[in-house]
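Presented below is the structure to which this report refers.
The values are calculated or read from the model by the stated rules, or taken from the named source; none is laboratory data. Nothing here was measured: the structure is a model prediction, and the numbers come from that model. Every residue, glycine as well, gets a Cβ built from its backbone with ideal geometry; the counts of neighbours run over all protein chains shown. These area figures cover heavy atoms from the full protein model, side chains too; ligands, DNA and RNA do not enter into them. Shrake-Rupley method; radii C 1.70, N 1.55, O 1.52, S 1.80 Å.
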Amino acid sequence: MKVKNLLIAALRSLAKNKMRTFLTMLGIIIGVASVIAMLAIGQGSKQSIQAQISTLGTNVLMIWPQASSAGGVRQEAGSSQKMTLEDVTAIADRCPSVAYVTPQVRSSGQLVNGNMNWRTSVYGVYPNYFEIRNLNLSNGNLFTMNDDRSATKVCVVGQTVVTNLFGSDADPVGSFIRINKIPFKIIGVTEKKGQNAFGQDQDDMVIAPFSTVQKRMMAITYIQSMLASAKSEPQIAAASQEITDVLKAKHNLGPSEDPDFTIRTQTDIANAATATSGILTILLATIASISLLVGGIGIMNIMLVSVTERTREIGIRMSVGARGRDVLLQFLIEALLISLLGGFIGVTLGVLVSQLIANILSWPVTITIQSILMSFIFSSAIGIFFGWYPARKAAGLNPIDALRYE
Amino acid sequence: MGKAIISVKSLVKVYKMGDVEVHALRGVNVDIMKDDFVAIMGKSGSGKSTFMNIIGCLDVPTRGQYLLDDVDVSSLTKDQLANLRNHKIGFVFQSFNLLSRTSALENVELPLMYNKKIASREMRERSLNALEAVGLADRAHHFPNQLSGGEQQRVAIARSLVNDPVVILADEPTGNLDTRTSIEVMGIFQKLNHKGITIVIVTHESDIAAFTKRNITFRDGRIIKAIEVDKPRNAMDELANMPVMVEEDEV
């Protein structure tokens, strides 16, 4: 039988039992729609996490010294005092994959402006910290390396600090505040960045030249940590290796010895965070797939009923010359049509439901072409898989028995 | 009469029903010539249906030889048998066996659908011609449930002859019809036979068999009698002479 005739015959027999066809299709529709919606939710949350991770900066590497130990008692990570400015210079000079590197010290400071006060972290860094972290100023200017060399008492503050010391819409550039009783001139305000992936307020901080914080506020000679950025994302691993080699050499460690510092890259953090949402996506998709499977069983059930009901029709077709193959194809195409049509409606419904979730629950959703294609392929595979057995059964009928069937 | 369309030699069919062997045919020899019009008669269980199934290529014999239009059928596969049914045989059944909710025309087209060589235009043309041959051209787009029993059987006859078969096999074609419609149907068979189509019908009514040219009687899986009909009844003449009041029988 020609494909055109097969299609017409299949469509006609589906049209004979509209309600039944629709209900069978409903199983596939719900299955496909839920797969699409669940994948959209999973993908959406994954992307929003990735977007948050990227607020850390571009291709960032964080370098901490290892935990120190005093008489066998180990202190917290980063407490070792072995890292110095020489390490920073060495990395800047000898690591070709590293774009920027800055030392970093962090102190707690009590900020006072008139009768207002606020406690927050004060970071001492080089100006290139702003490049690494992707920070921009909304107001004023950045300090320079000259400010660092002369340990000038200037600072850049975040929006949260401004709100708490000056009120929400004030412009503090040019004003003086006292940090731990030392007067600082505010020369810039950072752009609002919001919370990061871990719930920290990224606008609640003060950034000052490195030596100002290190020498004037903290009075230490070592540096607490370093922040570097690789020239491009693929170079992150190379940068990490280069930094390891340079620091090991500086700290007189042999190649086989463990390093006395730790490097964490932005990729590590992103991977850890997206792993969770990846598991969530798989879980949701699995549950949705099960409903698709149940829909497939529905198809099989109805096709079996249909074969029994139409035994006589099969007998008639065989007596006028239909081969087993023709009958098989006819029933297979019916099953395939149900599942493909169901798949199509399901995809449409799934996209609508995802948009609804996005609008009403304001949950981020992302519908990918892959998930649509996958649902289509999966649902037609289900049609063939679950249609095969009933079709096989129809094709294997003996024409004499089929003709006699009441 | 020309060559044998159907040639059967020592045909044996044994069914196994569990442990019991049922000998449906115990050595049947018969030749059916081109242009012949044969009635197969016999009581139920005499083996006439089994014989029909085998010469209709719906079943294969256990032993013996069967040549249909010079093709040895005994050794063919299922698909080859289907192909043979499609090209060389037309079936008419007692219960019409039309596809419901499918128009008369499409029912007639059915055998041609399974013949890949025929284009849809030719399919339509031949089906309309077949319907015209049975006098139902004006009913082409009616559904079976809108047709009377006699009309349904005529659609079935049209379906059986649409593929230009070498033989039309009819299993109790008048079994579900009243006397007048039975005669009408036999009239159509006579007309087709007159045009040169070989026809074999199974019937247990001797007055229906009287319309044919040859009667073959089965009993216990063997042919016990094969006679030429002396003076076959002529359906057209009888219909013309029938009183019109027969029409009111249904009241």
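Structure above, values below:
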quantity: Qualifying residue in the range A:375-383 (condition: assigned to a helix (DSSP H, G or I), within 14 Å of another protein chain (Cβ to nearest Cβ) and free of Cβ contacts under 8 Å to residues at least 12 places away in the same chain); calculated: no
quantity: Restricting the range A:15-29 to residues that are within 44 Å of the chain's Cα centre (by Cα) and open to solvent by 20 Å² or more (accessible area, probe 1.4 Å), the residue that is farthest from the other protein chains (Cβ to nearest Cβ); calculated: A:Gly27
quantity: Tally of residues being under 24 Å from B:Thr198 (Cα atoms) and part of a loop (DSSP other than H, G, I, E, B) across the range B:1-42; calculated: 7
quantity: Answer residue from the range B:43-61, given it is out of contact with any Gly (no Cβ under 7 Å at 6 or more places or on another chain), of a type outside the set (Phe, Trp, Tyr) and not in a loop (DSSP other than H, G, I, E, B) and is farthest from the other protein chains (Cβ to nearest Cβ) among those; calculated: B:Ile55
quantity: Matching residues, the range A:118-153, being in contact (Cβ under 8 Å) with a residue 12 or more places away in the chain, farther than 21 Å from A:Ser225 by Cα and under 38 Å from the mean Cα position of the chain (by Cα); calculated: A:Trp118, A:Asn136, A:Leu137, A:Ser138, A:Asn139, A:Gly140, A:Asn141, A:Leu142
quantity: Considering residues of the range B:89-111 that are at the interface with chain A (Cβ under 8 Å from one of its Cβ atoms) and not in a loop (DSSP other than H, G, I, E, B) only, the residue nearest to B:Leu192 (Cα to Cα); calculated: B:Phe91
quantity: Members of the range A:154-173 that are open to solvent by 10 Å² or more (accessible area, probe 1.4 Å) and touching a residue at least 24 places away in the same chain (Cβ under 8 Å); calculated: A:Val154, A:Gln159, A:Thr160, A:Asn164, A:Phe166, A:Asp171, A:Val173
quantity: Some residue of the range A:314-333 being more than 14 Å from every other protein chain (Cβ to nearest Cβ), in a helix (DSSP H, G or I), surrounded by 20 or more Cβ atoms within 10 Å (Cβ to Cβ) and polar (S, T, N, Q); calculated: no
quantity: Test set (1) surrounded by fewer than 18 Cβ atoms within 10 Å (Cβ to Cβ); (2) under 24 Å from A:Gly188 (Cβ atoms) - A:Arg74 fails condition number; calculated: (2)
quantity: Looking only at the range A:216-237, and only at residues there that are touching a strand residue (DSSP E or B) at 6+ places or on another chain (Cβ under 9 Å) and open to solvent by 40 Å² or more (accessible area, probe 1.4 Å), the one that is nearest to A:Gln66 (Cα to Cα); calculated: A:Gln224
quantity: The range B:112-131 - residue that is of a type in the set (S, T, N, Q) and open to solvent by 10 Å² or more (accessible area, probe 1.4 Å) and, of those, farthest from the other protein chains (Cβ to nearest Cβ); calculated: B:Asn129
quantity: Flag for A:Leu280 being aliphatic (A, V, I, L, M) and within 14 Å of chain B (Cβ to nearest Cβ); calculated: no
quantity: Sole exception among (1) within 14 Å of chain A (Cβ to nearest Cβ); (2) open to solvent by less than 10 Å² (accessible area, probe 1.4 Å); (3) of a type outside the set (Gly, Ala, Ser) for B:Val134, by number; calculated: (1)
quantity: Scope the range A:79-105; condition over 23 Å from A:Arg149 (Cβ atoms), open to solvent by 20 Å² or more (accessible area, probe 1.4 Å) and modelled with pLDDT under 90; matching residues; calculated: A:Ser79, A:Lys82
quantity: Per-region count, the range A:238-259, residues in contact with a strand residue (DSSP E or B) (Cβ under 9 Å, 6 or more places away or on another chain) and in contact (Cβ under 8 Å) with a residue 40 or more places away in the chain; calculated: 7
quantity: Yes/no for B:Gly64 being surrounded by fewer than 23 Cβ atoms within 10 Å (Cβ to Cβ), modelled with pLDDT of 90 or more and either in contact with a helix residue (DSSP H, G or I) (Cβ under 9 Å, 6 or more places away or on another chain) or part of a strand (DSSP E or B) (or both); calculated: yes
quantity: Top-ranked residue in the range A:31-43 [being open to solvent by 20 Å² or more (accessible area, probe 1.4 Å) and out of contact with any Ser or Thr (no Cβ under 6 Å at 6 or more places or on another chain); ranked as farthest from A:Ile287 (Cα to Cα)]; calculated: A:Ile41
quantity: Residue within the range B:5-21 that is within 14 Å of chain A (Cβ to nearest Cβ), open to solvent by less than 30 Å² (accessible area, probe 1.4 Å) and not polar (S, T, N, Q) present; calculated: yes
quantity: Matching residues in the range B:41-62 - criterion: being polar (S, T, N, Q) and touching an Asp or Glu at 6+ places or on another chain (Cβ under 9 Å); calculated: B:Ser46, B:Ser49, B:Thr50, B:Asn53
quantity: Those residues of the range A:1-27 which are without any contact (Cβ under 8 Å) to a residue 40 or more places away in the chain and within 25 Å of B:Asp79 (Cα to Cα), in sequence order; calculated: A:Lys2, A:Val3, A:Lys4, A:Asn5, A:Ile8
quantity: Lone unmet requirement of (1) farther than 20 Å from A:Arg404 by Cα; (2) free of Cβ contacts under 8 Å to residues at least 40 places away in the same chain for B:Leu81; calculated: (1)
quantity: Residue match in the range B:153-162 (condition: open to solvent by 10 Å² or more (accessible area, probe 1.4 Å) and polar (S, T, N, Q)); calculated: no
